[in-house]
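Notes follow once the structure below has been shown.
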Amino acid sequence: MTITHIIILLVTGIGTGFAGGLLGLGGAFIMGPVQYAVFTNMGIPADMAIKLAFGTNLLVILPTAISGTWRHHKEGAVFWKAAIIMGSCSLIGAFGGATIASHLPGVVLKIAFGAIVLGAAIRMLTSRPPQIGEEPRENPWLWVAWALPLGIVAGLLGIGGGVLVIPVMTLALRFKMHNAIATSLAMMILTSTGGIIGYIINGIGVPDLPAYCIGYVHLQSWFLLTVTSIGMVQVGAITAHRLPAKQLRYIFVAVMFYLGLRMVGLFDWLGWPI
């Protein structure tokens, strides 16, 4: 890993942490494409690179989610009952999704991830800034029904799941946006744990893994992303309770559209070297 790779990952951690605290997202939509580009530039085969990116994503998301949840909890925004019930179910689903992903071609995962990123960009573009509202409605059986498939998708694509969970919480479960953002981060603690276990177990023994790996988790990349994201998630969470950050959201949307289109291969198909 070169100095350039190190700087790129450190800067990516800053964006990941801020987005996590501000919008209740794990930040995989930023980390995934960046890590994939770094790993392939290091000479790692594309199929292995995408799985390493997904597994490492989840390990970065874990401490970031803990940090962001603590801040939102201090603001009284986390709906813990929903977070624990949904998170426990999504942990199981994420382990299953990670197991499935370890047996799929990397190109399939890459395109699927790009599609999710584009969907997230559209959601961010059309959603309103977080606002404090009433307590969400309680329906534990409905929480379980949603959490299992959401966990599978999260593990499959190496994401914390916030990009999917928040729309479900606000539209299907009637959570207020502010509670959805905070509860999504708390739920992510368990979701990411299930995915991490899946990517580690299914990556152990895979031949030709690069140095500093435990299964499909690249520890060097994890450290560089985590060291900057943990602090920035606090800044993002504080900002979420004070500012709409409209302009910043548009910047994130533009970056996500670029990364999503790049991951699905549009620029390669057009022959654009960007």
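The values are calculated or read from the model by the stated rules, or taken from the named source; none is laboratory data. Not measured: the values here are computed from a predicted model. Quick reminder, even Gly has a Cβ in these numbers, built from the backbone with ideal geometry, and neighbours come from all protein chains shown. What goes into the accessible areas is simple: the full protein's heavy atoms, side chains included, and nothing from ligands, DNA or RNA. Shrake-Rupley method; radii C 1.70, N 1.55, O 1.52, S 1.80 Å.
Observations, loosely collected:
- On Cα atoms only, tilt of 106-126 relative to the major axis of the chain in degrees: 30 degrees
- Long-range HN-HN contacts of CYS213 with modeled amide H, under 5 Å: LEU219
- Nearest-20 debye value, the chain charge dipole, Cβ charges on Lys, Arg, Asp, Glu: 620 debye
- Positive-end residue of TRP80, GLY97, GLY43, charge dipole of the chain with Cβ unit charges: TRP80
- Given their separation in residues at 0.36 nm each and the Cα-Cα distance between them, LEU219 and ILE14 gain 72.0 nm when the chain is fully extended.
- Integer Hz, Karplus 6.51/-1.76/1.60 couplings in order for segment 84-89, x for Gly and Pro: 6, 5, 5, x, 4, 5
- CD proxy at 222 nm, helix term only [per DSSP H run n ≥ 4: -39500 (n - 2.57); per residue of the chain; nearest 500]: -25000 deg cm²/dmol
- Proportion of all alpha-carbon pairs of segment 150-208 beyond 19 Å (%): 36 percent
- Rounded to 10°, Cα long-axis angle of helix 46-74 versus longest principal axis of the chain: 30 degrees
- Dipole of the chain, positive end: most advanced residue of ILE111, ILE166, LEU224 [Cβ charges, Cα centre]: ILE166
- Segment 58-120 and segment 191-236: distance between their alpha carbon centers, rounded to Å: 13 Å
- Accessible-area order (highest first, 1.4 angstrom probe) of the listed residues TRP141, TRP272, TRP146: TRP141, TRP272, TRP146
- Local electrostatic count, LEU259, Cβ distance below 14 Å [Lys/Arg +1, Asp/Glu -1]: +1
- Its alpha carbons give the chain an Rg and a Dmax of 17.1, 52 Å.
- Against the chain, whose longest principal axis is taken from its Cα atoms, helix 140-157 shows a tilt of about 20°.
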